[in-house]
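Any read-out appearing in this document is the output of simple, stated calculations on the displayed coordinates, not a laboratory observation. Remember, it's a predicted structure, so these values are computed and weren't measured experimentally. No Cβ is skipped: glycine too gets one built from the backbone with ideal geometry, and neighbour counts run over all protein chains shown.
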Amino acid sequence: MNLILLGAPGAGKGTLASYLIEQMGVPSISTGNILREAIKNNTPLGQSAKEYMDAGKLVPDEVVIGMLKERIAKRDCKSGFILDGFPRTIPQAEALDEIAHIDCALSLEVADDVIEKRMTGRRVCLRCGATYHVEANPPRVKDVCDICGDKLVIRSDDQAEVVRHRLETYHEQTEPLKGYYEAQGKLKSIDGAQGITATEKFAVEALGL
Ligand code: AMP
């Protein structure tokens, strides 16, 4: 199955994706993680993306579309994939329709005030991309990644001011994708505000896994 996870930043797409990788046996592709890795390695892609990301803005479509095409062409995506954070604009969705058949767009519904609270507690591992929350999903050892042992950090774009801007960007540019996939009969929406276990259960039901 080729699945898209839709939802505001901080809605829980990354956490749900880690769970669905196991359930569906397909890789998850996070464009945010690919971009953060590029910034960490100071590649030309990272250098061009950094100022947009730090300001809570979207990286230009042509940059992320090229990046995503390259990733989806890899062998591990042949039997399916989960997209976390792509598409984020209508032109990205149109470009995706040209290169892959999408089976379902699953939207995680979470109110803005809940998101703002969540994001201030978020900690990420820049080495392997794992995501934690200081209260809801803490690592076994404070600020240390359970998976690879690297130090956990607060993302620079999780600062309160930037979070508000990212939510505005979401409502303006990404939320219209719900209408796009609804018109194709592919949209499914679940409540993403009831905790991790409940979200996983709703997703399994919605996807018929
Ligand atoms: P995320 O980890 O998905 O919240 O993404 C973090 C940041 O990376 C976003 O705020 C954007 O600046 C950038 N980004 C990630 N995915 C995309 C995308 N599909 N289109 C444009 N910018 C993106």
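Odds and ends about this structure:
- Computed on segment 66-162, the Cα convex hull volume stands at 149 Å³ per residue.
- Relative contact order (percent, whole number), the chain, Cα cutoff 8 Å, 6+ residue spacing: 30
- Overall size of segment 1-86 from C-alpha positions, given as principal axis extents largest first: 36, 28, 21 Å.
- Fully extending the segment from K78 to A160 would add 25.6 nm, taking 0.36 nm per residue of separation and subtracting the current Cα-Cα distance.
- Gap separating the Cα centres of segment 26-55 and segment 82-130, nearest whole Å: 14
- Computed on segment 23-121, with alpha-carbon pairs under 8 angstrom and 6+ residues apart, the relative contact order is 33 percent.
- Positive-end ranking of L35, C125, Q173 along the dipole of the chain, with charges on Cβ about the Cα centre, is headed by C125.
- Protection proxy ranking, peptides 158-164, 28-34, average beta carbon neighbours within 10 Å, highest first: 28-34, 158-164
- On the principal axes of its alpha carbon atoms, the chain extends 43, 40, 34 Å, with the longest extent given first.
- Checking the Cα-Cα distances for K178/K201; K117/K178; K50/K151; K117/K186 against a 26 Å cut-off, the pairs over it are K117/K186.
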